[in-house]
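Written out below as structure tokens is the structure these notes cover.
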Amino acid sequence: MNAAPPFALQHASQRIRVAAFIGAVALWLAATASWAAAPQRDWPLVPPPPDARSYWIAQYIEQNTVPMQIRGFETDASVAEVVRWYETWFKDKVGYAASQVGEVRVLGARMGIYQVTVQLRGTPGKTLGRLASAALYEEGGPSEQERTERIGKGFPRPPGSQVVSDTLSFDPGQRNRTIMLTNGMSVETNGLYLRERMVLLGWALLQDRTVEAGTRSALVFRRGTEEMVVTIARQEGSCFVVASQTTPE
């Protein structure tokens, strides 16, 4: 019996929902990154529909330890027309499935070691699309437990925190890591905890600024040639912490 691939899920619709969530978080974090120094991979070719205007969002990104590639496109065709085009393209792919996630139509299938996902959203007069490939099925790669243990590793997490995402990207000459977590603590309590723990880890505090009546805080740390900017914000009953670390290479 063959072993289940890393991150394998029970149903195809679940796989594309997970890939869609990973892609959505990656989009938020990768919009302005450059990927010249990124590792090279043999990515699958996922074409945009005919006459679509396509562009890169991320030629390489690691989202929660999963290598990904993301392109965007827009077309004057309707969502229904684009769905029909991709249904034809996907028909011979393994595990093809489609679902609706809010206002977004999501189609996906497996291509070798990659889960390929197409996300479509209608706007007045056009359709916006995202094409994402995620390396979820690499043989000999880390197990699901190993991936989980690596997410957020090395960054101090206040008690009760949940890591939302851990994103690795590359610019020429430097590596970027962005960690986002959430918890129920106040902005002040998060700041006190992080200042203390970061200093113990060898980071020097360069800036500490709280604004907007204590609902938002920004901390800047440095350790050797590394720099980390931490923003803390209170929103809708939860606190969100985003740590952006740059490391020269």
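The values are calculated or read from the model by the stated rules, or taken from the named source; none is laboratory data. Treat the numbers as computed from the prediction; the structure is a model and nothing was measured. In this analysis, Cβ positions are derived from the backbone assuming ideal geometry, glycine residues included, and neighbour counts consider all displayed protein chains.
Looking only at the range 171-196, count how many residues are closer than 16 Å to VAL229 by Cβ and in a helix (DSSP H, G or I). Write out each step before concluding.
Of all residues in the range 171-196, those closer than 16 Å to VAL229 by Cβ come to 171, 174-181, 187, 190-191, 194-195.
If we keep only those that are in a helix (DSSP H, G or I) too, we end up with 187, 190-191, 194-195.
The total comes to 5.
If you go through the range 37-64, how many residues are more than 19 Å from GLY122 (Cβ to Cβ), in a loop (DSSP other than H, G, I, E, B) and of a type in the set (Asp, Glu)?
Of the residues in that region, 1 qualify.
Out of TRP89, TRP43, TRP56, which single residue is of a type in the set (Phe, Trp, Tyr) and touching a residue at least 60 places away in the same chain (Cβ under 8 Å)? Give the derivation first.
Working: TRP89 fails: touching a residue at least 60 places away in the same chain (Cβ under 8 Å); TRP56 fails: touching a residue at least 60 places away in the same chain (Cβ under 8 Å).
Step by step, each of TRP89, TRP43, TRP56 is checked, and only TRP43 is of a type in the set (Phe, Trp, Tyr) and touching a residue at least 60 places away in the same chain (Cβ under 8 Å).
Among the residues that make up the range 49-72, is at least one of them over 30 Å from ALA243 (Cβ atoms) and of a type in the set (A, V, I, L, M)? Spell out the reasoning first.
Step one: of the range 49-72, the residues over 30 Å from ALA243 (Cβ atoms) are 49-54.
Filter once more, so that each one left must be of a type in the set (A, V, I, L, M): 52.
The answer is yes, given that some residue of the range 49-72 is over 30 Å from ALA243 (Cβ atoms) and of a type in the set (A, V, I, L, M).
Can you tell me which residues in the range 60-88 are farther than 30 Å from LEU168 by Cβ and either surrounded by 19 or more Cβ atoms within 10 Å (Cβ to Cβ) or not hydroxyl-bearing (Ser, Thr, Tyr) (or both)?
Quick first cut of the range 60-88, residues farther than 30 Å from LEU168 by Cβ only: 75-85, 87-88.
Once the filter is applied, which keeps residues that are farther than 30 Å from LEU168 by Cβ and either surrounded by 19 or more Cβ atoms within 10 Å (Cβ to Cβ) or not hydroxyl-bearing (Ser, Thr, Tyr) (or both), the range 60-88 yields THR75, ASP76, ALA77, VAL79, ALA80, GLU81, VAL82, VAL83, ARG84, TRP85, GLU87.
Since ASN190 meets every condition but one in (1) of a type outside the set (Phe, Trp, Tyr); (2) touching a helix residue (DSSP H, G or I) at 6+ places or on another chain (Cβ under 7 Å); (3) modelled with pLDDT of 95 or more, which condition does it not meet?
Of everything listed in (1) of a type outside the set (Phe, Trp, Tyr); (2) touching a helix residue (DSSP H, G or I) at 6+ places or on another chain (Cβ under 7 Å); (3) modelled with pLDDT of 95 or more, ASN190 misses just condition (2).
Out of GLY160, GLY125, GLY152, I need the residue that is of a type in the set (Gly, Ala, Ser), surrounded by fewer than 14 Cβ atoms within 10 Å (Cβ to Cβ) and within 30 Å of TRP203 (Cα to Cα). Which one?
After applying the criteria, what remains is GLY160.
Which condition number in (1) at pLDDT below 95; (2) assigned to a loop (DSSP other than H, G, I, E, B) is the one that GLY202 fails?
Here GLY202 meets the rest and fails (1).
From the residues in the range 108-160 that are among the hydroxyl-bearing types (Ser, Thr, Tyr) and touching a residue at least 12 places away in the same chain (Cβ under 8 Å), which one is farthest from VAL229 (Cα to Cα)? Please lay out each step first, then the result.
Pass one, the range 108-160, residues among the hydroxyl-bearing types (Ser, Thr, Tyr): 114, 117, 123, 127, 133, 137, 143, 148.
Checking the rest, the ones that are also touching a residue at least 12 places away in the same chain (Cβ under 8 Å) come to 114, 117, 127, 133, 137, 143.
Details: TYR114: 33, THR117: 32, THR127: 36, SER133: 29, TYR137: 33, SER143: 31 Å.
If we take residues in the range 108-160 being among the hydroxyl-bearing types (Ser, Thr, Tyr) and touching a residue at least 12 places away in the same chain (Cβ under 8 Å), then THR127 is farthest from VAL229 (Cα to Cα).
I need the full set of residues from the range 191-249 which are under 24 Å from the mean Cα position of the chain (by Cα) and surrounded by fewer than 14 Cβ atoms within 10 Å (Cβ to Cβ), in order please. Explain how you work it out, then say what you get.
Going residue by residue through the range 191-249, those that are under 24 Å from the mean Cα position of the chain (by Cα) are 194, 216-221, 226-249.
Correct list: GLN235, GLU236, GLY237, SER238, PRO248, GLU249.
Quick one: is GLN207 farther than 21 Å from VAL163 by Cβ and of a type in the set (S, T, N, Q)? Give the steps one after another, and end with the answer.
Numbers: farther than 21 Å from VAL163 by Cβ: yes; of a type in the set (S, T, N, Q): yes.
The answer is yes for GLN207.
What tally of residues in the range 160-175 results from selecting those that are of a type in the set (S, T, N, Q) and under 13 Å from the mean Cα position of the chain (by Cα)? Step through it out loud before you land on a result.
We begin by selecting, within the range 160-175, every residue of a type in the set (S, T, N, Q); these are 161-162, 165, 167, 169, 174.
Of the ones still in play, those that are also under 13 Å from the mean Cα position of the chain (by Cα) are 165, 167, 169.
Number of matching residues: 3.
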